[in-house]
Structures are given as structure tokens and as C-alpha cells.
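**Q** Sharing a structure below in C-alpha cells format, with a few things to ask.
The values are calculated or read from the model by the stated rules, or taken from the named source; none is laboratory data. Predicted model only: the values in this text are computed from it and were never measured. Virtual Cβ from ideal backbone geometry, glycine too; neighbours counted across all protein chains shown. Side chains are part of the model used for accessible areas, which takes the heavy atoms of the whole protein and leaves out ligands, DNA and RNA. Shrake-Rupley method; radii C 1.70, N 1.55, O 1.52, S 1.80 Å.
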Amino acid sequence: MFLRSAQSTLRLDEKLDKMVPLQKRDQFDNLEKHTQWGIEFIEKYTKFVKERSEIEVNYAKQMRNLSKKYQPKKNSREEEESKYTFCQAFQQTLSELNDYAGQHELISENLTQLIINELSRFLQELKSERKTHFHDGRKAQQHIESSWKQLEASKRRFERDCKEADRAQQYFEKMDADINVTKADVEKRSSHKARQQAQMRHQMASDSKSEYSSYLQKFNQEQNDHYYTNIPSIFQKLQDMEEKRIEKLGECMKTFADVDRQVLPIVDKCLDGMTKAAESVEPKTDSKQVVESYKSGFEPPGDVEFEDYGLAMKRTVSENSLSNSREVKDKSTGKGKGKLWPFIKNKNKGSGPEDFSHLPPEQRRKKLQGKIDDLNKDIQKEMDKRDALTKMKDVYVKNPQMGDPASVDPRLAEIGESIEKMQSEVQKFEGWLAEVEERMPSKSDTQRRSVIYETQNNATTVSNNCAQDRESPDGSYTEEQNSETQVKASINPNPTPSTPDDDDEFDDEETLPTIGTCKALYPFEGKNEGTIAIAEGELLYVIEQDKGDGWTRVRRNEEEEGYVPTTYVEVFLETNAKDSLKSA
């Protein structure tokens, strides 16, 4: 009996020894490390996207600053230069670059919303879920370990009771078989008592066996549930969690690329805009703008004729020569100055006179036209105000309860005065403009002047209508006082030149030779210094022709000479001017 018990105990021990390796298959520690690494990887990827977002923001900011830096400043030369097509193309490129920067800002914003914020929220959920799963796993593992300890304790009790029962049985059998035992010993150690002790130990061993068998059965059931139900369920949840993490990471990586792809159409439009702006550059248009901006309106001087010093008495000066006889005197005396009115720089400072007479003819015409256009716009605005107030007054007249009609009259009177003042200004500027346009050079004038050069010695009569803006003998442009008189110069003009800067123009010791005669068409008072008064129909000698400034130099006698308006006289160029004058 006890042998069978020992053998049974041996088999149970072998079975328990086989259970120990099952605990070593528990991979919770490895799984915990792996899932923690997965969480850290998501944090690493989130940090990567965040840094990319910051790069996009900084790049967009730098692009915007670059675009703003090269925008033309208000009230600067760059703003005036924006009329050129290449400047407009550059401004369009800067505008497109600004929009291009906005797309990079959109990339940063989408990265933040669709990836960074989403991963941050997902990461919190993932950590909480992982914590729950590992808590359940640890709890199940602690439970199976507790059951294992109870089984081990019952096993040790059963083993101890079996050994005690075997010793009691052996002692009883020994006492019962010893024939030399004395009567006293028998009384003292009776076999009956030994039998009872052995039976008691056997009962204890039997109870321990039952208890151990019960714990063993319970442990086996719990162990089966642990390794085949509870742990696999927890592992499956961890696996699902891990797959969900990886899937989420893959979606974010795809979004990372899609965010860029979504703005590509807009970026392409920005680049197309830059290309279109570059293609809009028109070199010929820009070159014409330069011509219009700097065109002076001066008529080029004619050819310089050969001067035959062998025939000093018959020597003539070409119409557009730069006062050759005067230059000869300057070279000999060192006192005179060559008269180059069209090329003398303007001495006026600041914005110049009101009629823009300090500007070349073409530029003056543009300025005057622009001034007239601005005044007309202002007049139209004032008229609109007057019409509105008139309607309001009519409403007040029909409905006195809405307001007093007389309250509008002061404002109407003020607007009327303003309109009259501006209309007067328009008339003044239109007079100046009419004069400039009348004096602007034309193709026919140039051809007629070339004919004069060819027929200079044949006494060809010409009527030289000046194509230049009015200038005084010192080269500066004059500001006429009466615009209406200027417009009607062909009827009764009365221009006055300004005082020459150099007095030595009229202090020449040598007398200039005559190159022809002229007949006064209109009277001229000649009040200003450097001019000479003439009467209508008077015949005079021509000693210096109009150089394109609107003035002709004439002589009445050997001591009286000066400038008269070219449009006031009819010039006759002859070989022997004096003889012609005497014959006349």
C-alpha cells in the first residue's frame, strides 16, 4: 500500500516538473518591450513631421519677406518705372511667389491637423489600451503563480505525511516481529499502540493525498484556462493593438505625401503665372516707353555749310549753324560764347514754373495734357456734387418738412466758385498746350527746312513757323503771361522773351554780317532787354536766323539790333541783303 503511494507520488512529481517550462514560455516581458518601442517610434515620427511643418512655415515666411522686400515702394522711382512690361512681369512674379509661399503655409497647417494632432490623440489612446492589456496579463500571471504555490505546498504536505506513515508502519512491523521483547517492554511499547500510530499516519497521508489531488486538478484547469484562453486573448488584443498602430502609422505616411500632392495644382498655377508674366515682356513696347518718356521735341540742327573765308564779304551762315561768325569772334577775342540754346541745361530748380516751360516741348506737352486731364476729373467730381445738392434742394422745396432749401445754397455757391476757378485753370493750360502743339516739329517742317538750306542763295521766301517751345535768348524757356493771346498769335500775338543771362551777347565789338532781310507782319513792342521794337510793315536786316527757339535776330541800323519773334516777321534770305533792302 505504501509502496503504491510512493510510486504515485513519484509520478505526480514528474508531472509537476513538466509544468515548470510552460511558465518560461510567457513572453510578456518581450511583448512589453516591443510595444513600448512601437510607441516610441510613433513619437519619433510625430517629431519628424513637426520639424517638417516648422521648416515649411519658416520657408513660407522667408518667401513672403523676399516678395515684400522687392515690391516697389510708394512715391519712389520704382513706382514710376512700373509702366515697363519687364517691371510689370517682375511684380507679377513677386505676387505669384507670395501665393506660392501661401501653399507652403497650407502644407504646414495640414501636416499639423492631419498628422501631428491625430497622432498625438492616437498615442494617448494607444498608451491607455496597452496599459490595460498588460495589467490584465500580469493579473492572470499572478493568479496562476498563486495556484502553483498552493499546489506546491499541498504536494510537500502530502510527501511529508507519506514519509511519516511509512516510518510508523515500519516501526509497528518491527515491534510485532521481535520475539525477544520482554514483558515490560511489551507493556511499555505494545504493538497495539504502534498499530494505532501507524493507522493515524496513514489517514493523514490519505487526507494529504486527497487535498493534493484536489489542488492538482484545480491547478491543471486554471493552467489550461491561462495558457489556452486568458493569455491567448490578451495576446490577441496586444496583436490587434500593434496592427492598429502600424496601420495608423502607414495612413499618416500616406497623408504626409498627399498633403504635398494636394497643393501641386496650385503651385503649378503659380509657376504658370510666373511663366505667363515672363512671356508678357515686350522689348519694343518698353523701348517706345523710353522714347516717350525722354523725347524732347527739339528739331535736329541742319547741316553745317562750308564757309569760304576767301569771300568774306559774301560769306553766309546756314540757317541752323550754331552762330559760326560769332564763334570766329569768340576764338579771336576769347570773350564771346557760342549760342547753343537747344542744348543749354535748364537752370530752374524745384518743380519749375506753372506752365512747365522749363521742360522740352514734348515733355511739356505731356505735362500740360496731364494737368488738363486732372483738372477735368476734378471738375466732373464737383459737378456731380452740385447735381446731388441740386436734387436735394428740389426735394426740400417739394417737402419742406425734410429740410430747409436755403441751407444748401452756401454749399452750391462754394462748389460753383470752385468749378469756375478750375475751368479758368483749364483754359489757361489749354492755351499753353495749344501753343506747344502749334510749335511742335513735324515732318513737313523738316522737309521745308531742308529746302531752305538748298535754296539759301536763291532768295527763297519761307514762312518759318517755330516748331520749338518758346525760349529766351539765354536758352531758358519763357512763361507767357496771357494764354489767350498766345493761342491767337497768328492774329495779334505779343510774346515777351526773358532777359538774357549773358550781357556780352549784345556787347560784341564786331558787327555780325547780314544774311538777309525781313518784313514785320505784326507790331512788337520789345520791352524786354535783348529785344527790339518793330512796326507792322517795317523792313529790317536779318543777322541771325531762328535756331529753333522761336526768335530771330535783326538789325535796324548799325547801332540798333535785337531779337524779334520769328512768327512776327517774313524772312528773305539773299546773297546781298543790304542791296535788297535799299532796293526795297
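**Q** If you scan the stretch 29-46, which residues turn out to be surrounded by 13 or more Cβ atoms within 10 Å (Cβ to Cβ), out of contact with any Ser or Thr (no Cβ under 8 Å at 6 or more places or on another chain) and among the polar types (S, T, N, Q)?
**A** Those that are surrounded by 13 or more Cβ atoms within 10 Å (Cβ to Cβ), out of contact with any Ser or Thr (no Cβ under 8 Å at 6 or more places or on another chain) and among the polar types (S, T, N, Q): Thr35, Gln36.
**Q** Residues in the stretch 116-124: is at least one surrounded by 13 or more Cβ atoms within 10 Å (Cβ to Cβ), acidic (Asp, Glu) and under 18 Å from the mean Cα position of the chain (by Cα)?
**A** Checking the stretch 116-124: not a single residue is surrounded by 13 or more Cβ atoms within 10 Å (Cβ to Cβ), acidic (Asp, Glu) and under 18 Å from the mean Cα position of the chain (by Cα).
**Q** Moving to a separate point now. Any residue in the stretch 120-137 that's in contact (Cβ under 8 Å) with a residue 12 or more places away in the chain: show its pairings with residues that are outside any helix (DSSP H, G or I) at Cβ separation under 9 Å, as long as the two are six or more apart or on different chains.
**A** If the second residue must be outside any helix (DSSP H, G or I), the pairs left are Gly137/Asp26.
**Q** Still on this structure, I have one more. Being open to solvent by 40 Å² or more (accessible area, probe 1.4 Å) and under 17 Å from Phe524 (Cα atoms) is the filter here, so list the residues in the stretch 540-560 that pass it.
**A** Within the stretch 540-560, Arg556, Glu560 meet the criteria.
**Q** If the requirement is being of a type in the set (Val, Ile, Thr) and open to solvent by 50 Å² or more (accessible area, probe 1.4 Å), which of these qualifies: Thr132, Thr85?
**A** Just one listed residue meets the conditions, Thr132.
**Q** On to the next question. Just one of the numbered conditions (1) more than 47 Å from the chain's Cα centre (by Cα); (2) at pLDDT 85 or above is not true of Tyr396; which one?
**A** Looking at each condition in turn, Tyr396 falls short on (2).
**Q** If you scan the stretch 357-381, which residues turn out to be open to solvent by less than 40 Å² (accessible area, probe 1.4 Å) and under 19 Å from Met422 (Cα atoms)?
**A** Within the stretch 357-381, Leu368, Gly370, Ile372, Leu375, Ile379 meet the criteria.
**Q** Right, next: Could you list, in sequence order, all residues of the stretch 395-411 that are open to solvent by 80 Å² or more (accessible area, probe 1.4 Å) and within 27 Å of Met422 (Cβ to Cβ)?
**A** Result: Pro410, Arg411.
**Q** Going by the conditions given, is Leu94 assigned to a helix (DSSP H, G or I), touching a residue at least 40 places away in the same chain (Cβ under 8 Å) and not hydroxyl-bearing (Ser, Thr, Tyr)?
**A** no
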